[in-house]
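**Student:** Can you keep this structure in mind? I'll have questions shortly.
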Amino acid sequence: MIKKCIFPAAGYGTRFLPATKSIPKEMLPVVNKPLIHYGIEEANKAGIKEFGFVTGRSKRAIEDYLDYAPEVEQSIKGSKSKEKLLEDTTKMIEECTFTYVRQKEMKGLGHAILTAEPLVGNNPFAVVLADDLCEGNVLSQMVKLYNKFKCSIVAIEEVPKEETSKYGVIAGKEIENGVFMINNMVEKPEPKNAPSNLAIIGRYILTPDIFNILRDTKAGKGGEIQITDALLEQAKNGMVIGYKFKGKRFDCGSVDGFIEATNHFYNKIKKNNNSEK
Ligand code: UTP
């Protein structure tokens, strides 16, 4: 049973400067909801109500967003259309719990996940990188798979070979349609060194033995502690699955992906509104 979801959100978001100078990348809105909101909704659909955030300096906007805003609520009282805009968010805040830990030094995604250990304890957990905005309930698909295999799972998708240097890339044996038993993983390989074109995207389910492995994982690519290196170790000791999810991912950590997502979700909302009329 996966009860908790961790959002590593301590990175600097340098591809989005200057916007990310004072607000976290996870708070950038796609249409009218910040990225973090989409991630929480996806996890909610997978039955998860407990959330842990790895934050850093200048990330307090996340905590404020996931709390009541009495002054705002008061000021829109009586305006049905405006109350409706806040309705789902208030319900989400009521139903979920949010805890926070600070990563004091940005030593990489693996290190951020290790920093979340006190929030997770000895339980399997999900990890969402909110800048990968997914459509198609990807976490729900992964939770289902976890209930069958009871091992760590990474979401993967095919990317053009020339883009492998942006991702962790896996190789493995396809044991079911779209389900790969991983036997190799490389962080951001140059295309000529990539073991395949199956790239890891920002959705993980991890078993808690990953923490001990992370404690022993040395800095890798870019001088950072990489979750990819720890997962390869876990795969060698047991089993890690790469899952080719059904759905669509938008890379909202890049300006192009962010604009694509904005257009996509805007058109979707407009279509829904028109069909409701
Ligand atoms: P990214 O590689 O996207 O880095 O991190 P970034 O800093 O967010 O963005 P750019 O590349 O500078 O534009 C992947 C995820 O890991 C988190 C980030 O917040 C993001 O969700 N992360 C990364 C941490 O929490 N801590 C770290 O030390 C590094």
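Bear in mind that the values in this text are calculations on the coordinates, not laboratory data. As the structure is a computational prediction, the values presented were derived from the model and not from experiment. We place every Cβ from the backbone using ideal geometry, glycine too, and count neighbours over all the protein chains shown.
**Student:** To the nearest 0.05, how large is the calculated FRET efficiency for residue 239 and residue 58 if R₀ is 35 Å and r is the Cβ-Cβ distance?
**Tutor:** E(calc), rounded to 0.05, equals 0.35.
**Student:** Here's something else I'd like to know. What is region 181-235 by shape, rounded, prolate or oblate, if you read a ≥ b ≥ c off the alpha carbon gyration tensor as root eigenvalues and call it rounded for a/c under 1.5, prolate for a/b larger than b/c, and oblate otherwise? Each step should come with its number before you reach the end.
**Tutor:** Working: a/c = 1.99, a/b = 1.37, b/c = 1.46.
Judged from the Cα gyration tensor, region 181-235 comes out oblate (a/c at least 1.5, b/c at or above a/b).
**Student:** Which order do 97, 217 fall in if you start with the one that has the fewest other Cβ atoms within 10 Å?
**Tutor:** In order of increasing Cβ crowding within 10 Å: 97, 217.
**Student:** For the chain, what proportion of DSSP beta bridges, expressed in % and rounded to the nearest 5, is antiparallel?
**Tutor:** 60 percent
**Student:** If you take the square roots of the eigenvalues of the alpha-carbon gyration tensor of region 112-158 and sort them as a ≥ b ≥ c, do you get rounded (a/c under 1.5), prolate (a/b over b/c) or oblate?
**Tutor:** oblate
**Student:** Read phi for every residue in region 20-29 and hand back ³J(HN,Hα) as whole Hz from Karplus 6.51 cos²θ - 1.76 cosθ + 1.60, θ = phi - 60°, with x for Gly and Pro.
**Tutor:** 8, 5, 10, 10, x, 3, 5, 9, 5, x
**Student:** In terms of modelled amide H atoms, which long-range or inter-chain residues lie less than 5 Å from the amide H of residue 99?
**Tutor:** HN-HN under 5 Å from residue 99: 51, 52, 53.
**Student:** Remind me, relative contact order of region 1-155 in percent, using alpha carbon pairs under 8 angstrom and six or more residues apart?
**Tutor:** 38 percent
**Student:** Which order do the peptides 8-19, 262-273 come out in when sorted by mean C-beta neighbours inside 10 angstrom, highest first?
**Tutor:** Packing order, densest peptide first, comes out as 8-19, 262-273.
**Student:** Here's another thing I want to ask about it. Suppose the chain between residue 94 and residue 275 were pulled fully straight at 0.36 nm per residue; how much longer would it get relative to their current alpha carbon spacing?
**Tutor:** Stretched out fully, the residue 94 to residue 275 stretch lengthens by 62.2 nm.
**Student:** With a cap of 15 neighbouring Cβ atoms within 10 Å, and only residues DSSP puts in a loop, list the trypsin sites (Lys or Arg not before Pro) found in region 31-131.
**Tutor:** Hits after loop and neighbour filter: 49, 57, 77, 104.
**Student:** Follow-up question, since we're still on this one. So if we plug the beta-carbon distance of residue 87 and residue 3 into 1/(1 + (r/R0)^6) with R0 = 22 Å, what FRET efficiency do we get, rounded to 0.05? Before the final figure, lay out the partial values.
**Tutor:** On the way: r = 25 Å, r/R0 = 1.15.
Computed FRET efficiency for residue 87 and residue 3 comes out at 0.30.
**Student:** About its Cα centre, how strong a charge dipole does the chain have in debye, to the nearest 20, once Lys and Arg get +1 and Asp and Glu get -1 at the Cβ?
**Tutor:** My answer is approximately 180 debye.
**Student:** Go through region 202-267 and name the trypsin sites (Lys or Arg not before Pro) that are in a DSSP coil and have 16 or fewer other Cβ atoms within 10 Å of their Cβ.
**Tutor:** Here the trypsin sites (Lys or Arg not before Pro) that fit, given the DSSP loop and packing criteria, are 218, 246.
**Student:** Taking the Cα-to-Cβ direction at residue 162 and at residue 45 and moving 7 Å from each Cα, how far apart do the two end points lie in nm?
**Tutor:** 3.3 nm
**Student:** In straight Cα distance, which lysines are under 28 Å from residue 104, not counting same-chain residues fewer than 8 positions off?
**Tutor:** 3, 4, 21, 25, 33, 49, 59, 166, 188, 218, 221
**Student:** Using 0.36 nm per residue of separation minus the Cα-Cα distance, give me the extension gain between residue 105 and residue 221 in nm, one decimal.
**Tutor:** 40.1 nm
**Student:** Working out 0.36 nm times the residue gap between residue 69 and residue 193, then minus their Cα-Cα distance, what length gain in nm do you get to one decimal? Present the calculation step by step, with values, prior to reporting the outcome.
**Tutor:** Numbers: separation 124, 0.36 × 124 = 44.64 nm, distance 5.03 nm.
Additional length available on full extension: 39.6 nm.
**Student:** What FRET efficiency comes out for the pair residue 21/residue 264, r = Cβ-Cβ distance, R0 = 45 Å, nearest 0.05? Walk me through the numbers on the way to the answer.
**Tutor:** Working: r = 27 Å, r/R0 = 0.60.
Result of the calculation: an efficiency of 0.95.
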